[in-house]
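One structure is given below, encoded as structure tokens.
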Amino acid sequence: PQPLSHQWERGANKGRTKMKNWWYGLTLRNKLQIPTQLLLLAVLTCAQILVMKQFEKKMYEDAAQNAKGSVMQSFLALNGMMLAGNINPAERTMFFKKMNEQEHVLNYHLVRGKVISDDSGPGLPEENASDELDQAAMSSNAVQMKVRNDDAHSMRVVVPIAVKQNFWFRRSSG
């Protein structure tokens, strides 16, 4: 009888011999195709992931830019109402209701900063900063975005408009 270690080596070599025989039995064409295809599979999978991340980033940037344009237009409408003297609480409430009814808008609201509240009064209760995203936008004066991926995929965009002196001949946001 042979020692146990030689029996184990013989059993392991038996499997390797089958693999070697299979590999040596392949044509040169197949020997080149198999590693090339595996390499291409790995590279193309990585490329697909990279392209999807870039596409998603661009999509979010475009949505934020659209939101910023919409915010500026609504601000100009509110500022025009203010200059015309017909910006009472009922008019503002109706304006916000109409903005919330727009397609693809889940929630539209205006947040007054301290300077506007000091200058024009506290405004409506819903015009106060409601969460940390509103606070972050007001303190940093930069657009803030938050993506939700729950039941209804959505993106919340908070666009601050800094206070300026003499924006259309009156102190207002702009």
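Observations on the structure shown:
- Among (1) loosely packed, with under 13 Cβ neighbours inside 10 Å; (2) touching a strand residue (DSSP E or B) at 6+ places or on another chain (Cβ under 7 Å) - the single one Lys97 does not satisfy: (2)
- Members of the range 10-24 that are open to solvent by less than 70 Å² (accessible area, probe 1.4 Å) and either modelled with pLDDT of 90 or more or among the hydrophobic types (A, V, I, L, M, F, W, C) (or both): Ala12
- Considering the range 123-152, the residues that are in contact with a strand residue (DSSP E or B) (Cβ under 6 Å, 6 or more places away or on another chain) and among the small types (Gly, Ala, Ser) include one that is least open to solvent (accessible area, probe 1.4 Å), namely Ala137.
- The residue list Tyr108, Tyr60 contains one member that is of a type in the set (Ser, Thr, Tyr) and in contact (Cβ under 8 Å) with a residue 60 or more places away in the chain, which is Tyr60.
- Enumeration of residues in the range 63-73 that are over 16 Å from Lys146 (Cα atoms) and touching a residue at least 40 places away in the same chain (Cβ under 8 Å): Val71, Met72
- Complete set of residues in the range 137-164 that are in contact with a helix residue (DSSP H, G or I) (Cβ under 9 Å, 6 or more places away or on another chain) and not aliphatic (A, V, I, L, M): Gln144, Lys146, Arg156, Pro160
- A residue that is basic (Lys, Arg) and open to solvent by less than 90 Å² (accessible area, probe 1.4 Å) can be found somewhere in the range 27-34.
- Where Asp134 falls short, out of the listed (1) over 25 Å from the mean Cα position of the chain (by Cα); (2) under 26 Å from Glu56 (Cβ atoms): (1)
- Restricting the range 100-110 to residues that are polar (S, T, N, Q) and open to solvent by 70 Å² or more (accessible area, probe 1.4 Å), the residue that is farthest from the chain's Cα centre (by Cα) is Gln102.
- Taken over the range 111-122, residues that are touching a residue at least 24 places away in the same chain (Cβ under 8 Å) and either farther than 20 Å from Ala90 by Cα or buried (at least 16 other Cβ atoms within 10 Å of the Cβ) (or both) amount to 4.
- Any chance Ala77 is under 22 Å from Lys57 (Cα atoms), out of contact with any Leu (no Cβ under 9 Å at 6 or more places or on another chain) and in contact (Cβ under 8 Å) with a residue 12 or more places away in the chain: no
The values are calculated or read from the model by the stated rules, or taken from the named source; none is laboratory data. Since the model is a prediction, treat every value here as computed from it, not as a measurement. Cβ: placed from backbone, ideal geometry, glycine included. Neighbour counts: every protein chain shown. Accessible surface areas use protein heavy atoms only, side chains included; no ligands, DNA or RNA. Shrake-Rupley method; radii C 1.70, N 1.55, O 1.52, S 1.80 Å.
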